[in-house]
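Coordinate-derived values only; no laboratory data. Fair warning: this is a prediction, and the values are worked out from it, not measured in the lab. Here the Cβ positions follow ideal geometry from the backbone for every residue, glycine too, while neighbour counts run over all protein chains shown.
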Amino acid sequence: MSSASSDPGTHTRTYLTVFGALAILTVVTVTVGYMSLPVGAAIVVALSIASLKGALVASFFMHLISEQKPILWLLLLTLGLLLVLIFILIIAFYDHAGTIIVT
């Protein structure tokens, strides 16, 4: 085991940096929530920030940043499918925007 990986100061500094980034992204999320953006743009921005925050948590707190290539490819595939689903939802929203659905 190398001395750099067992140094608690390095890990603490990394975790505090990620915590700071998550706090800043939370402030950005709240700030964007108060902006008068169109609904579609607000959804895209909110989901983008949430995805970035999720990636930070998964990478550092769940230690996925040091995983092997198959795990990383699976994570990238999942991210790609998430983006496809978000794109489909945005298209469906704009397809039905302005129409009233009566049941």
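Can you list which of the DSSP-assigned H helices in the chain have a Cα extent of 30 Å or more along the long axis and an average Kyte-Doolittle score of at least 0.5?
8-34, 69-96
At residue 35 and residue 65, where each label point lies 7 Å from the Cα along Cα→Cβ, what is the point-to-point distance in nanometres?
So the label points at residue 35 and residue 65 sit 2.7 nm apart.
For the chain, what does -39500 (n - 2.57) per DSSP helix run (n ≥ 4), summed and divided by total residues, give at 222 nm, in deg cm²/dmol to the nearest 500?
-25000 deg cm²/dmol
State, as an integer percentage, the relative contact order of the chain based on alpha-carbon contacts under 8 Å between residues 6 or more apart.
25 percent
DSSP loop chymotrypsin sites (Phe, Trp or Tyr not before Pro) in the range 1-101 with at most 16 other Cβ atoms within 10 Å of their Cβ, which ones?
In loop regions of the range 1-101 (DSSP not H, G, I, E or B), there are no sparsely surrounded chymotrypsin sites (Phe, Trp or Tyr not before Pro).
I'm checking a number: the convex hull volume of the Cα atoms of the chain, normalised per residue, in Å³. What is it?
Once divided by residue count, the hull of the chain is 122 Å³.
Efficiency by 1/(1 + (r/R0)^6): what FRET value for residue 12 and residue 45, r their Cβ-Cβ distance, R0 = 30 Å, to the nearest 0.05?
0.40
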